[in-house]
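Notes follow once the structure below has been shown.
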Amino acid sequence: MTERSANHTTFVIERTYPTATPTRTFTAWADAKAKDVWMDDPDYQSNDSKYELEFAVGGHERFGGLTP
């Protein structure tokens, strides 16, 4: 029998963006204001929690919202 395991503390997303340089792509994830532009969702409703982004090894991103 094959032993299975899961690590639920990390994840990796890999994408290829042919028109974006690595620097531009990195900035889109690392800069909170830049990320706010492309993550904009007209249906999103804040639950008034504070948005936090610590883009570093071991960092975190926290936000809260309400489902429509």
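Each reported figure results from applying straightforward, stated rules to the coordinates on display, with no laboratory input. What you see is a predicted model, and the numbers here were worked out from it, not measured in a lab. Cβ coordinates were reconstructed from backbone atoms using ideal geometry, including for glycine residues, and neighbour counts include every protein chain displayed.
Across the chain, C-alpha contacts under 8 Å between residues 6 or more apart give a mean separation that, scaled by the residue count, equals a relative contact order of 21 percent. Using only alpha-carbon positions in the chain, the gyration tensor eigenvalues give semi-axes of 25, 21, 14 Å once each is multiplied by 5 and square-rooted (largest first). The dipole here belongs to the chain: it is taken about the Cα centre, uses +1 on the Cβ of Lys and Arg and -1 on the Cβ of Asp and Glu, and is about 200 debye.
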